[in-house]
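Below: the structure, in structure tokens.
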Amino acid sequence: MADPLIERALVLTHVKQPGISDFCHILNQYGVEIFSTGEIFKNLKEARVEVSPLFKFTGTPFPPDEALEILHPSIISGLSLNKDKEKQRKHINQNGIRLLDLLVCNFESPIGDIEVAKIALLGVAARNRRVTVATGEQALNSILDEMHKNGEQAIVSEAMRSSLANEALTLIAEYCLAAAKLSV
């Protein structure tokens, strides 16, 4: 399996994420299509990043709750399906499903529906080692380093994707432990 080209990214980071605008500008230079929602979408637009509202990916107008918007079936499918698996590739092709190749996602606290929705997406993406996941500034820098090594293509190696996925899964476990302590 060749390392997949990053063609589409979903950015769901909080607005205070250091370096996110610069990272997205570089993704734009590589021709990556970026989707986002809420305050981060507004901030990226203000920073002159080429970013599309999430409903352009899902085909569904904004629901009243951002958590519902990011848990749309198109997002789940885009992060969970793997075109390298024959049965899934057929499903993708037959149904015109667009895949997401990069998820930039972090959270500020273990309280709130949007944070729980982000955790769910992060888990889906991290389990599918085709998707590159980034949960913080160090991950963003590692991704950029990998992309620069690969020249003009937005490609991240399997080893890097696996390392970033493991970091994300560890972060999810820490989040769940913190949330459990809060609810006791």
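The values are calculated or read from the model by the stated rules, or taken from the named source; none is laboratory data. Keep in mind it's a predicted model, so treat the numbers as computed, not measured. Every residue, glycine among them, receives a Cβ derived from its backbone with ideal geometry; neighbour counts consider all protein chains shown.
Annotations for the structure displayed:
- The residue that is modelled with the highest pLDDT, counting only those in region 43-60 that are among the β-branched types (Val, Ile, Thr) and farther than 23 Å from Gly19 by Cβ, is Thr58.
- Test for Gln88: is it in a helix (DSSP H, G or I) and either over 24 Å from Gly19 (Cβ atoms) or touching an Asp or Glu at 6+ places or on another chain (Cβ under 6 Å) (or both): yes
- For region 10-39, the set of residues classified as assigned to a helix (DSSP H, G or I) and crowded, with 22+ Cβ neighbours inside 10 Å consists of Ile20, Phe23, Cys24, Leu27, listed by residue number.
- Selection of region 147-157 for residues being surrounded by 14 or more Cβ atoms within 10 Å (Cβ to Cβ) and farther than 19 Å from Gln17 by Cβ yields Asn150, Ala154, Ile155.
- Restricting attention to region 142-184 and to residues that are at pLDDT below 90 and among the polar types (S, T, N, Q), the residue that is farthest from Ala117 (Cα to Cα) turns out to be Asn150.
- If the condition is being touching a helix residue (DSSP H, G or I) at 6+ places or on another chain (Cβ under 6 Å) and either assigned to a helix (DSSP H, G or I) or touching a residue at least 40 places away in the same chain (Cβ under 8 Å) (or both), then region 122-133 contributes Leu122, Gly123, Val124, Ala125, Ala126, Asn128, Val131, Thr132.
- Residue pairs meeting the criteria (Cβ under 9 Å; at least 6 apart or on separate chains; first more than 17 Å from Ala125 (Cα to Cα), in region 79-91; second surrounded by 14 or more Cβ atoms within 10 Å (Cβ to Cβ) and of a type in the set (Val, Ile, Thr)): His91/Ile97
- Scanning region 79-121 for residues that are in contact with a Ser or Thr (Cβ under 7 Å, 6 or more places away or on another chain), within 17 Å of Gly38 (Cβ to Cβ) and modelled with pLDDT of 90 or more turns up Val104, Cys105.
- Filter pass, Ala139 being modelled with pLDDT under 95, crowded, with 19+ Cβ neighbours inside 10 Å and out of contact with any strand residue (DSSP E or B) (no Cβ under 6 Å at 6 or more places or on another chain): yes
- Checking each residue in region 32-59 for being closer than 21 Å to Ile6 by Cα and among the aliphatic types (A, V, I, L, M) picks out Val32, Ile34, Ile40, Leu44, Val49, Val51, Leu54.
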